[in-house]
Amino acid sequence: MGDVVLRLPIGSGEEARLFGSFLNRFMEARSDEAEQMADSSDAPFMMVRSDPEAEGETKVLIFQESSVASDFSQGWAQARTRNVPANEA
């Protein structure tokens, strides 16, 4: 299976903190799955890279499983939507 790559623009400040918290919670919730996959895979469960931008950064996440990438993407969209102030929605 090929890599699944997500490119997520992340603003600075509060959005960056929210993303970091979400990423930590996601990995904690998936730690057992990541350990199981490590036994049968020669690639990491997930890789993360940050590319600086003028207004924040782009997070590049690389997954080995499309279902995990989809779960992350959907979870991030929900977390971000719940934390957007009403005047920015």
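Return P(r) of the range 1-73 (all Cα-Cα pairs; 10 Å bins starting at 0; whole %; ordered from short to long distances).
19, 50, 25, 6
What does the charge dipole of the chain about its Cα centre add up to, to the nearest 20 debye, if the Cβ of each Lys and Arg holds +1 and the Cβ of each Asp and Glu holds -1? Working shown, then result.
Values: 8 positive and 16 negative charges, 61 e Å.
Here the size comes out at about 300 debye.
Search the structure for amide H atoms under 5 Å from the amide H of I10, placed 1.01 Å from N in the peptide plane, and list their residues when 5 or more places away or on another chain.
Residues meeting the criterion, in which the H sits 1.01 Å from N, are E57, T58, K59.
Bear in mind that the values in this text are calculations on the coordinates, not laboratory data. Please read all numbers here as calculations on a predicted model, not as lab measurements. We place every Cβ from the backbone using ideal geometry, glycine too, and count neighbours over all the protein chains shown.
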